[in-house]
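Let me begin by presenting the structure, written as structure tokens, before commenting on it.
The values are calculated or read from the model by the stated rules, or taken from the named source; none is laboratory data. Being a predicted model, the structure only gives us computed values, none of them experimental. Cβ coordinates were reconstructed from backbone atoms using ideal geometry, including for glycine residues, and neighbour counts include every protein chain displayed. To get the accessible areas, we keep the full protein, side chains included, count just its heavy atoms, and leave off ligands, DNA and RNA. Shrake-Rupley method; radii C 1.70, N 1.55, O 1.52, S 1.80 Å.
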Amino acid sequence: MNLAVLYSGGKDSNYSLFITSKYYKVSVLLNIIPKNNESYLYQYINNKITLLQAKALSIDIYRAEVNESEEKTLKEALIYLKKEYNIDGLVTGAIRSTYQGSKFQKICKDLKLWCFNPIWLINEKIYIKELIKNNFEFIITGWYSYPLDIDILGKKVNTYILNKLIEYNKKYGINIAGEGGEYETIVLYQPLFKKRINIEKYRINIEKNYAEYIIEKASLI
Amino acid sequence: MIGVIYTNKYKLSRREFLRPILYILKENKIKYKIFSYKKIANNVDKIIITGTAIMDFDYLNYIDNFKFIIEKDIKTLAICSGSQIITKLLGYKLINKEIIGKYNINLVNENIFTDKDFEAYFLITKVPQIDKKFNIYGKLNNIPVFYNYKNIYFTLFHPEVLNKYIILKFLYNI
């Protein structure tokens, strides 16, 4: 089984890649770049960091910018990867969104590709604990929910941050894994990386309802 | 003891279709045993047959391993591919019909699981063509998608996604 992983650079796609690599060959990462941060399917901010992550992983990456529609872009990209990399299927980091899940499933089915979602319906608390236990180093780069927590931006997710997310879940109903789009992450290191991502320069962008940690310069160390 | 029979050819699919069922059993402290579709399950009181990936039809090569469910009339919840297996064993055909995504199901008959229409998540491309022998509970655009025959309960959708209560009712009230 030769697979592509739908890759955003965040925790979900990285963990899905990590799990998949235990069983099958991943020959290419597919990074779909949406037009703005309002996409329900893909991650927008800090998307250039995926180039560094692919280098750290020593896996090819194919980046496709959304033109007409997000679905059409994914379909065209998969047609290309089927031809160029001879992939049998796609792995996604969908957790709970039936909107996301069904879009990916349908496109794969139309192209006769297997669709795997290794973290589908995972218990969010257990999931974040698993990431920490497996030495995933990831930071929160976008916060899109109430309360607007600017201090959490750029912080590495550890037990302290997990407890904060659990607290926000209890008080405000946010999804602990950010599955409702409450927050976005970027992975700086995971066990498959041969090098670490080092952030050299960043800025914080604060808007009325959300805040983002924009990486301006990064390198591999 | 609950027997959970997975129908997934690939290990990765088990994380997607088997694990969510195990979560529910663990959360409710219910004892279970896991079986592969390639073997015959034994020493269980009730059975849940999980679904699998859209491209996966390997389980159709092993349907005889499920004959004992019908012969012994074991209380069973047959999810998606599980429904295909049991209806096929009962002599019914599968017809090509793609249902992928979240849809509203119309309740057509009283049942122990629910008393109103509900939304459910589907990942299916072949639908069993059943007849009046079945008690039909729910339909989607006139297609039976939730029904029962003797002690076997069929969901063409994946109740672990949006309808956990169906699994819990099966575990506690059937």
Quick one: which residues, 5+ away or cross-chain, put their amide H under 5 Å from the amide H of A:Ile87? H built at 1.01 Å from N. A:Lys82
Separation in nanometres of the label points that stand 7 Å from Cα toward Cβ, at B:Glu119 and A:Asn135: 4.2
What area, in nm² and to one decimal, does the C-alpha convex hull of chain A cast on average over all directions? 11.3
So what is the orientation-averaged projected area of the stretch B:134-174, using the convex hull of its C-alpha atoms, in nm²? 3.0
Per the Kirkwood treatment, what hydrodynamic radius in Å, one decimal, follows for chain B from the mean inverse distance over all distinct Cα pairs? 15.8
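Per residue, how big is the convex hull of the stretch A:124-220 when only Cα atoms are used? Give it in Å³.
87
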Along the charge dipole of the protein assembly as shown, which of A:Tyr85, A:Trp143, B:Tyr153 sits closest to the positive end, that is, farthest toward it, with unit charges on the beta carbon of Lys, Arg, Asp and Glu (+1, +1, -1, -1)? B:Tyr153
Backbone HN-Hα couplings from phi across the stretch B:91-106 [Karplus 6.51/-1.76/1.60, Hz, Gly and Pro as x]: x, 9, 8, 9, 10, 5, 7, 8, 10, 10, x, 9, 9, 8, 9, 8
Just the accessible area for A:Met1, please: 1.4 Å probe, Å², rounded to the nearest 10? 60
Please work out the average accessible area per residue across chain A, using the 1.4 Å probe convention, and give it in Å². 45
Evaluate the distance, in nm, between pseudo-label points positioned 7 Å from the Cα of B:Asp58 and of A:Ser97 along their respective Cα→Cβ axes. 3.0
List the residues whose amide H sits under 5 Å from the amide H of B:Lys102, counting only those 5 or more places along or on another chain, with H placed 1.01 Å from N in the peptide plane. B:Phe122
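With N set to the residue count of the protein assembly as shown, report its C-alpha Rg divided by 2.2 N^0.38 Å to two decimal places.
1.03
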Across the protein assembly as shown: Cys residues that no other cysteine approaches within a C-beta distance under 4.7 Å: B:Cys80
Overall Cα dimensions of the stretch A:2-116 - principal axes, largest extent first, Å: 33, 31, 28
